[in-house]
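Student: Would you mind keeping the following structure in view while I ask a few things?
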Amino acid sequence: MVNQNHTKIGKLHKKKIRPRDAHVGKIFHPRDKSNVLDSGISLWFPGPKSYTGEDMVEFHIHGGIAVVNSVMEALGTIPNVRMAEAGEFSRRAFDNEKMDLTKLEGVADLINAETEAQRRLAVRQAHGELYKMYETWRQRIVGVMAKIEAFIDFSEDENIEEDIYSEVCREVDWIINEIELHLDDKRQGEIMRNGVSLSIVGPPNSGKSTLLNRLAQRQVAIVSPIAGTTRDIVETTMNIGGYPLVVRDTAGLRSSGADVIETEGIRRAVESAKEADIRLFMLDARKVFDSDNGSTTSKLLQKTEWHELLSLPHTFVVLNMADGVPSSESPNMKVKIKEWAQDRGITNQTVLLSCASMYGWECLMQLLAEHIKETWGSNSAQHMPLTKIRHRQHLKNCIKHLNVFKETDEEMVVLGAEELRKASKALGQITGRVGIEDVLDALFSEFCIGK
């Protein structure tokens, strides 16, 4: 609830409550002191030491529908009290300079976090790690701007340092290097925030849809022995080892026998696999190790665009239906799989699996979790990774203006000073102090009511 007359909120509690102390007691209707709404906890936060920077009060009540409705109705009888809009408390905190835009984005991500990795990343951002880094760079640019202004105004004065322009250029080089290191993060933060994309590809009836259903632990895709059952991309999200994963099942890859619709599905499957962060290329293990069917699989793998998928990084070959392969659990099978992969130029890791009996399941799950952690798990990184495309674009603009400054002749230093101002403005747009009304409107629409 948002209130313009804060003292009247206290009418719901007969006691005079001290700031930031939890008080247990009865909560009364402000217009009928005989009407006890509930017994709960009251906390009073006078501004500016509150979340919004304004006077705030919290009531911790029982969660029953009738209790909540009665308290909300009672609050509504107080003049100038209304329901807060989505994100209004956080917007007030921003307007009162209690937090910057990157912290607000962190709070929004924390609310929407579904996995442990997303939660850890959001907490770091909400606690100001990005803000501190960007503000440090901005302050150094401001310091450089001050030196350049002094150089412009007093360059002919004997009191000005002779090498001040060279010193400024060295400082600009340092800032550019720091930002470039930050940008060169393999999109770790963005991938963790949005989810690691995994595409399941392979020929028809190799178990792709069954694997998707096993991963999701529910019936997501239709499974049938008819080739071409899956014609379009089927997508679902899940959590593996605390990391967010967006998994896509795709149409079976085959070079003949497909109609126009299935052919389009195959094209989309290849495209999805190329764009994915991780690929699982599934094959029927029975056909791979069967002399009669092995040649068919080899022909499939020889198709140029499909073999390219096997050679891409972050690709794993999954030999499914291991329960149909004799001696699949024997020590010699690993050697056999290695030789098979080497003969076909497959350098990525190969896993033996059975979606039916769950043989090799723990191995695959552990492999995926470890690979995601090693490649994109950035929570122990020294610097907070980028989490928004918006940040990346403004940082690139900042570098662009700093590079233009470096290329500007010393005699045209006035023009160079303008580039420094633009670089500082680009960083200011990330933290939310420069031209960000449209960004704010979009951001707060993602918040829950009030927060």
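The values are calculated or read from the model by the stated rules, or taken from the named source; none is laboratory data. This one's a predicted model, so the numbers in the text were calculated from it and none came from an experiment. In this analysis, Cβ positions are derived from the backbone assuming ideal geometry, glycine residues included, and neighbour counts consider all displayed protein chains.
Student: From A146, A150, grab the single residue that is in a helix (DSSP H, G or I), among the aliphatic types (A, V, I, L, M) and without any contact (Cβ under 8 Å) to a residue 12 or more places away in the chain.
Tutor: Going through A146, A150 in turn, the sole match is A146.
Student: Has region 309-327 got at least one residue that is at pLDDT below 85, in contact with a Ser or Thr (Cβ under 7 Å, 6 or more places away or on another chain) and under 15 Å from P204 (Cα atoms)?
Tutor: No, there is no match, as no residue in region 309-327 is at pLDDT below 85, in contact with a Ser or Thr (Cβ under 7 Å, 6 or more places away or on another chain) and under 15 Å from P204 (Cα atoms).
Student: Hey, among the residues in region 149-190 that are modelled with pLDDT of 85 or more and β-branched (V, I, T), which one's farthest from A122 (Cα to Cα)?
Tutor: V168
Student: Another question about this same structure. Is it the case that region 392-402 has a residue that's of a type outside the set (V, I, T), outside the structural domain of K132 (by TED's automatic domain parsing) and in contact (Cβ under 8 Å) with a residue 40 or more places away in the chain?
Tutor: Within region 392-402, not a single residue is of a type outside the set (V, I, T), outside the structural domain of K132 (by TED's automatic domain parsing) and in contact (Cβ under 8 Å) with a residue 40 or more places away in the chain.
Student: Okay, moving on. Do any residues in region 194-222 that are closer than 17 Å to L353 by Cβ and at pLDDT 85 or above have Cβ atoms under 7 Å from those of residues that are in a helix (DSSP H, G or I) and among the hydrophobic types (A, V, I, L, M, F, W, C), where the two are at least six apart or on different chains, and which pairs are they?
Tutor: Note: pairs meeting the criteria are S199/A273; I200/L211; I200/L212; V201/A269; V201/A273; V201/L309; P203/L300.
Student: Restricting to region 37-92, and then to whatever is among the aromatic types (F, W, Y) and without any contact (Cβ under 8 Å) to a residue 60 or more places away in the chain, can you tell me which residue is nearest to G106 (Cα to Cα)?
Tutor: The selected residue is Y51.
Student: Something else now. Say whether the condition of being over 27 Å from L415 (Cβ atoms), acidic (D, E) and in a helix (DSSP H, G or I) is met by at least one residue in region 126-138.
Tutor: Yes.
Student: Could you tell me how many of the residues in region 255-278 are acidic (D, E), exposed (fewer than 12 other Cβ atoms within 10 Å of the Cβ) and either in contact with a Ser or Thr (Cβ under 7 Å, 6 or more places away or on another chain) or at pLDDT 80 or above (or both)?
Tutor: Total meeting the criteria: 1.
Student: For region 67-84, does any single residue satisfy the condition of being farther than 30 Å from I191 by Cα, at pLDDT 90 or above, surrounded by fewer than 17 Cβ atoms within 10 Å (Cβ to Cβ) and under 34 Å from the mean Cα position of the chain (by Cα)?
Tutor: Taking every residue of region 67-84 in turn, at least one turns out to be farther than 30 Å from I191 by Cα, at pLDDT 90 or above, surrounded by fewer than 17 Cβ atoms within 10 Å (Cβ to Cβ) and under 34 Å from the mean Cα position of the chain (by Cα).
Student: Give, as residue ranges, the strands (runs of 3 or more DSSP E) completely inside region 19-116 that count at least 1 residues that are acidic (D, E).
Tutor: 32-45, 56-60
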